[in-house]
Each structure stands twice: as C-alpha cells, then as structure tokens.
1. Kindly state which helices (runs of 4 or more DSSP H) lie completely within the stretch 87-171 and contain at least 1 residues that are over 17 Å from HIS21 (Cβ atoms).
2. Within the stretch 1-39, restricting attention to residues that are assigned to a loop (DSSP other than H, G, I, E, B) and of a type in the set (D, E, K, R), which residue is farthest from SER144 (Cα to Cα)?
3. So in the stretch 165-176, with the set limited to residues that are loosely packed, with under 15 Cβ neighbours inside 10 Å and touching a residue at least 24 places away in the same chain (Cβ under 8 Å), which one is farthest from ILE4 (Cα to Cα)?
4. Restricting the stretch 68-85 to residues that are surrounded by fewer than 22 Cβ atoms within 10 Å (Cβ to Cβ), of a type in the set (S, T, N, Q) and at pLDDT 95 or above, which is nearest to ILE6 (Cα to Cα)?
5. Just the residues that are of a type in the set (Ser, Thr, Tyr) and over 14 Å from the mean Cα position of the chain (by Cα), please, taken from the stretch 77-99.
6. Taking strands (runs of 3 or more DSSP E) that fall entirely within the stretch 40-82, which contain at least 3 residues that are farther than 24 Å from GLY108 by Cβ and without any contact (Cβ under 8 Å) to a residue 40 or more places away in the chain?
7. I'm trying to understand the selection: among the residues of the stretch 28-54, which are polar (S, T, N, Q), surrounded by 10 or more Cβ atoms within 10 Å (Cβ to Cβ) and out of contact with any strand residue (DSSP E or B) (no Cβ under 9 Å at 6 or more places or on another chain)?
8. Out of all the residues in the stretch 3-21, which are surrounded by 18 or more Cβ atoms within 10 Å (Cβ to Cβ), under 22 Å from VAL168 (Cβ atoms), touching a residue at least 60 places away in the same chain (Cβ under 8 Å) and not hydroxyl-bearing (Ser, Thr, Tyr)?
Amino acid sequence: MPNISIIGLGNPGQKYTETRHNIGKDWVISYCKEHNIDLKIKNKLDASVAISGDEKILWGHPNLYVNESGQSINKIIKNTNQELMNTVILHDDLDLPIGTLKLKIEGGHGGHNGLKSIIGSVGSGFLRIRIGIGHPGQKEDVTSWVLGKFKPQEKKLLADSYIAFLSVIEMLTEKQIERVQLQLHTG
C-alpha cells in the first residue's frame, strides 16, 4: 500500500485545463507524464489514479467537478484503505499570492468548494498543499478568475512553484511534515 496519496483538484474537460482552478490536477498530470506514470480512469472511484514506480505514492485526480471532489476522495480512501491523514490534496488558493505554496494540516475550507465537498464527505484530517493563484480584487470577479487561464508572467512564477513542489515530494512520502512546511514557507 502506498505511504501517501497525492490528489490534485480540478474540473473535468479540456476547456478547464490550465485554468487557475485546475492547478492541482494539472500538476498531478504533469508529474505523472514526466515520470511515465500512467494515470488510468477508474469509474468506480470517479477518478484517474496511478501508483508511482516505487509504490510509495498513489497519484490521482477526481474526474468530477471541483465542488463534487469529496465523492471521489471518499471512494479513493475507502478503496485503498489509505488513512485520511496520509492524503495530500493539491488545490488552488485565492488568498495566497500567485506561486506561493503552503502546506496546511487539517482546517476549514476557506470558501473553497472542493475542500468544502471533501470535508463534508471524509472530514478535515487531511493535508493540503495550497497553491497561490492570487485574487482578482472583487468578490464578484472570483468565478471568472478561477476559471480563467494564467498570464505568461504568472506561468513563470508557477513553474518555480512546481519545482518547489517537486523538491518536497520525497519528504511527504516520509511524512516529514514540519520539514516540508519549513522548506515551502521560507523558500
């Protein structure tokens, strides 16, 4: 059984690829492509999942809309007998500047509908890697902002963030949570 699950949130369908809301899912897909890990659609999980070559990590993303993510996360956890605290959710965060990464243990949903769905389905005892996507400034602009694509200069910041994420994966598998936080929060 894998040490941890790393699950990226995002909406299904090509039109949402590379949008702000899909950053978690896009990072999981990128990592799996780069490491020849074949994500397979598992209809009974409402997700696409794969096990890393060293069998330490279950990678995946729900194949449902973000606000229905809990349904899929619940099925993944039950099907793999993974403990909730060994589940890492990668998700976009409006409250962080673009490219900022934070590892959070448990907590509320902060208005994120995907987290709200997950907490409603399995509880809040999971890890989150919050990926900053910035805020549009006005509350009424949030929906179009999260469903919009990144600007070229933002993509550069996110490329650096992705590298920072790659640098903590091994620490996550070894459950070195404080070390991950120290590296991400001071990096």
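The values are calculated or read from the model by the stated rules, or taken from the named source; none is laboratory data. Since we're looking at a predicted model, the values are computed, not measured. Glycine gets a Cβ as well: all are built from the backbone with ideal geometry, and neighbour counts include every protein chain shown.
1. Output list reads 113-122, 152-166.
2. ASP38
3. LEU166
4. Only one residue fits best here, namely ASN74.
5. THR80
6. Result: 40-42, 47-51.
7. The answer is SER30, and nothing else.
8. ILE4, ILE6, ILE7, GLY8, LEU9, ARG20
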